[in-house]
Amino acid sequence: LRANFSVIQKETGFVNGVIAVLHDVTEQEKIDIERREFVANVSHELRTPLTTMRSYLEALAEGAWQDDEIAPRFLEVTQEETERMIRLVNDLLQLSKMDSKDYRMNTDWINFTSLFNRVIDRFDLSKSQNVSFKRLLIEEAVFVEIDQDKITQVLDNIISNALKYSPEGGQVTFTTSYKDEFLLISVKDEGMGIPRDKVEKIFERFYRVDKARTRQLGGTGLGLAIAREMVEAHGGRIWAESEEGKGTTIYFTLPYDPAQEDEWT
Ligand code: ADP
């Protein structure tokens, strides 16, 4: 609520009255504030890798390029920063597509069990850390009406975090189960966890628990915000449970109708 006061005063200085105009900070103003914050965040996120690159390139230009040891390392940093900016811009485009009015989903009836297994297999084959995978999935085919690319992206974002924050020798557990009219999916890791008061914030755009650390890990701070938009666009929900020092579980649901499924069996 915002208040504007005007004092009604005669030429003699005598105060006749005061008009107070109270008005709600309207929905439009809220959107404007959010938009300004978003633009400030994006600018900051882009400036950080750019200034890093500038200083490394300056050092190279001033002679470091002739140093056999330093030059490859500096080039590697500028490459990593470039990759991060590409990821960031791709994530931003993804978000802006979803924000647009004519955002449409491309849904199909998909067997979630086999989709989930394929995504897990892909991570299993390409992961570089020593982390083991455990699958506790509903064994039979479970058909859900989803946009396969979007839900694959949701799984990618969640699983890549689970791996990023997993300790050496840790385990990532995948589950699916039926819960009322939903399919419940979870990905659990044994990583450092998230402080209790921060757990809900991780789905906000650009929110990071530990800025320096997650930057180092190459994150954009948008992965879970994108996941949330996509899950909600399907009529599902996404949330996290976490215990510091023990690990984190990300859950999400997708509408599931067992009656519909009869058509497939
Ligand atoms: P980022 O690209 O930084 O990983 P995300 O939106 O995917 O962005 O995640 C937001 C923040 O939530 C991360 O920076 C991290 O602090 C925290 N986070 C997400 N997943 C996990 C996890 N599995 N374990 C611990 N912290 C996590």
- Message: I'm told R205 meets every condition in (1) over 21 Å from T176 (Cα atoms); (2) assigned to a helix (DSSP H, G or I) except one. Can you identify the failing condition by its number?
- Response: (2)
- Message: So I226 ticks every box in (1) under 28 Å from V77 (Cβ atoms); (2) within 11 Å of the ligand (Cβ to nearest atom); (3) assigned to a loop (DSSP other than H, G, I, E, B) but one. Which box is left unticked?
- Response: (3)
- Task: Give the residues of region 147-171 that are open to solvent by 10 Å² or more (accessible area, probe 1.4 Å) and among the hydrophobic types (A, V, I, L, M, F, W, C), sorted by residue number.
- Result: L163
- Message: Based on this model, can you work out whether I70 counts as open to solvent by 70 Å² or more (accessible area, probe 1.4 Å) and of a type in the set (A, V, I, L, M)?
- Response: no
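Return the only residue of G236, G218 being farther than 24 Å from V89 by Cβ, in a loop (DSSP other than H, G, I, E, B) and more than 7 Å from the ligand (Cβ to nearest atom).
G236
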- Item | Positions within region 100-146 being open to solvent by 90 Å² or more (accessible area, probe 1.4 Å) and in a helix (DSSP H, G or I), in sequence order | R118, R122, L125
- Message: What's the total number of residues in region 172-185 that are within 13 Å of the ligand (Cβ to nearest atom) and either in a loop (DSSP other than H, G, I, E, B) or surrounded by fewer than 18 Cβ atoms within 10 Å (Cβ to Cβ) (or both)?
- Response: 1
- Message: Conditions first: (1) out of contact with any Pro (no Cβ under 9 Å at 6 or more places or on another chain); (2) near the ligand (Cβ under 8 Å from one of its atoms). G191 passes all but one, so which condition is the exception?
- Response: (1)
- Options G17, G63; residue that is modelled with pLDDT under 90, farther than 30 Å from T152 by Cα and open to solvent by less than 40 Å² (accessible area, probe 1.4 Å): G17
- Query: Has region 14-24 got any residue that is more than 40 Å from the chain's Cα centre (by Cα) and part of a loop (DSSP other than H, G, I, E, B)?
  - Reply: yes
- Reported set for region 105-127 where residues are out of contact with any Asp or Glu (no Cβ under 9 Å at 6 or more places or on another chain), farther than 16 Å from D189 by Cβ and at pLDDT below 95 is L125, S126
- Query: All but one of (1) free of Cβ contacts under 8 Å to residues at least 60 places away in the same chain; (2) within 24 Å of L95 (Cα to Cα) hold for S186; which doesn't?
  - Reply: (1)
- Task: Please find, within region 145-159, the residue that is farthest from F252 (Cα to Cα) out of those that are out of contact with any Ser or Thr (no Cβ under 8 Å at 6 or more places or on another chain) and charged (D, E, K, R).
- Result: D149
- Looking at (1) surrounded by 12 or more Cβ atoms within 10 Å (Cβ to Cβ); (2) under 29 Å from L254 (Cα atoms); (3) free of Cβ contacts under 8 Å to residues at least 24 places away in the same chain; (4) not polar (S, T, N, Q), which is the one condition that is false for E34? (1)
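The values are calculated or read from the model by the stated rules, or taken from the named source; none is laboratory data. Quick caveat, the model's predicted, so the values are computed rather than measured. Note: ideal-geometry Cβ built from the backbone for every residue, glycine included; neighbour counts use all protein chains shown. In case anyone asks, the SASA skips ligands and DNA or RNA and just uses the protein heavy atoms, side chains included. Shrake-Rupley method; radii C 1.70, N 1.55, O 1.52, S 1.80 Å.
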